[in-house]
Each structure stands twice: as structure tokens, then as C-alpha cells.
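Written below as C-alpha cells is the structure these notes are about.
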Amino acid sequence: MKRSTFLMSWLGAPALAQSSELEQRIRALLPSEAENGFMQVPWRTNIMEAIAEAGRANKPVFLWVMNGNPLGCA
């Protein structure tokens, strides 16, 4: 309910004549199932456990490494 309230105020809810128009705008802003596909990946935070699990399943390990702020800020 809080997200809907925020979106209504952000989208200018008083200007919306019908709730169906509001729902359509909300759906346009939210990610689709295809865009949320990465949420289905069984991410692991311990590399040793991930390597052991991948070895048992005969699958590769994808290692994401970065240095610094994830937004690229100093």
C-alpha cells in the first residue's frame, strides 16, 4: 500500500481520472518478470561453498568482483 501511495503522489494522482489508468502507469514503472529474472539465480556469498556446490552439480561459477562504490562515486 505504501508503494502505491508513493507512486500515486509521484505520478500526479489527482490528474488521473480512473484507477485503471493509474494501475497502467504503475505496471509500466515496475520491472517485468523477464527483467526480474536475475532474482531467480541462486546467488551465493561464500565462494568456497559456491565452488563446492558447482562441482557437485557440474556447473560453472560466475564470480562478480568489483572495487569501490557500486554507483561509481568517489
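A simple packing score, the average count of other Cβ atoms within 10 Å per residue, orders the peptides 33-41, 49-57, 65-73 as 49-57, 33-41, 65-73, with the highest score first. Length available on full extension from GLU35 to GLU23: 0.36 nm per residue minus the Cα-Cα distance, which gives 2.4 nm.
Every number in this text was worked out from the coordinates using simple rules, so none of it is lab data. What you see is a predicted model, and the numbers here were worked out from it, not measured in a lab. Quick reminder, even Gly has a Cβ in these numbers, built from the backbone with ideal geometry, and neighbours come from all protein chains shown.
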